[in-house]
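I have placed the structure first, in the form of structure tokens, so that the comments after it can refer back to it.
What follows is calculated from the coordinates using simple rules that are stated; it is not laboratory data. What you are looking at is a predicted structure, and each value in this text was computed from that prediction instead of being measured. For neighbour counting, all protein chains shown are included, and Cβ atoms are generated from backbone atoms with ideal geometry for every residue, glycine included.
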Amino acid sequence: MLIIRLSKIALVAAIAFFATLVAFGNITDYDTNFAFVQHVLSMDTIFPDATIKYRAITSPVMHHIAYNFIIACEALTALLCWIGAFWMLGKIKRNAGDFNKSKAFAIAGLTLGFLVWQVGFMSVGGEWFGMWMSENWNGVPDAFRFFVTIIAVLIYVVLPDGERAE
């Protein structure tokens, strides 16, 4: 059905828009979220008696490298999702096989977005660097919200589309 294809395209575009806004915000207001990355990697706001502080990275150069890597991944997520949405739109009236093949960039973008927020923020930031222990710099709830939304869209998009009802 055409409405299902339009729905999938719209949801991919919505994730592309979100990732675009995140990357744009991080680029144009670099220092605001850089402070977040700096505190998480430095582990300077986790529980004082935590025994995992040996994992801290206190090098400002490494903080900038990590932050720029995050921004690059967010921007790439946006780009791949935008390309995916437009490719899908270009194949919206084609046969099921062509439309399903047009999802490749969207699937790549959604997968990268999931990995950024689940692996990057939830696993590395939240667990390895103990971000969950910080009252001020805990991004775990936000990351969870983001990657659950992304995975829901990914699951929906990868569902195979059959032939359109005429």
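Details
- Lys, Arg +1 and Asp, Glu -1 on Cβ, resulting dipole of segment 44-124 about Cα centre, debye, nearest 20: 520 debye
- Using 0.36 nm per residue and subtracting the Cα-Cα separation, the extra length available between R94 and K53 on full extension is 9.2 nm.
- The chain - percent relative contact order, Cα under 8 Å, separation 6 or more: 32 percent
- Within the chain, longest stretch free of exposed trypsin sites (Lys or Arg not before Pro) [DSSP loop, at most 16 other beta carbons within 10 Å]: 1-92
- Lys-Lys pairs in the chain that are eight or more residues apart or on separate chains and whose Cα atoms lie under 23 Å of each other come to 8.
- Rounded tilt (10° steps) of 2-28 against the dominant C-alpha axis of the chain: 30 degrees
- The C-alpha radius of gyration of segment 119-166, expressed as a fraction of 2.2 N^0.38 Å, stands at 1.73.
- Extension gain (nm, one decimal) between K101 and V124, 0.36 nm per residue minus Cα-Cα: 5.0 nm
- Couplings 3J(HN,Hα) for segment 47-54, derived from phi with the Karplus relation 6.51 cos²θ - 1.76 cosθ + 1.60 (θ = phi - 60°), are 3, x, 9, 4, 8, 9, 5, 5 Hz, where x marks Gly and Pro.
- Distance cut-off 24 Å, percentage of C-alpha pairs in segment 26-166 lying past it: 42 percent
- Here segment 2-158 is treated with +1 on each Lys and Arg Cβ and -1 on each Asp and Glu Cβ, and its dipole about the Cα centre works out to around 1040 debye.
- Per-residue HN-Hα couplings for segment 58-64 [Karplus 6.51, -1.76, 1.60; θ = phi - 60°; Hz; x = Gly/Pro]: 10, 6, x, 4, 5, 4, 5
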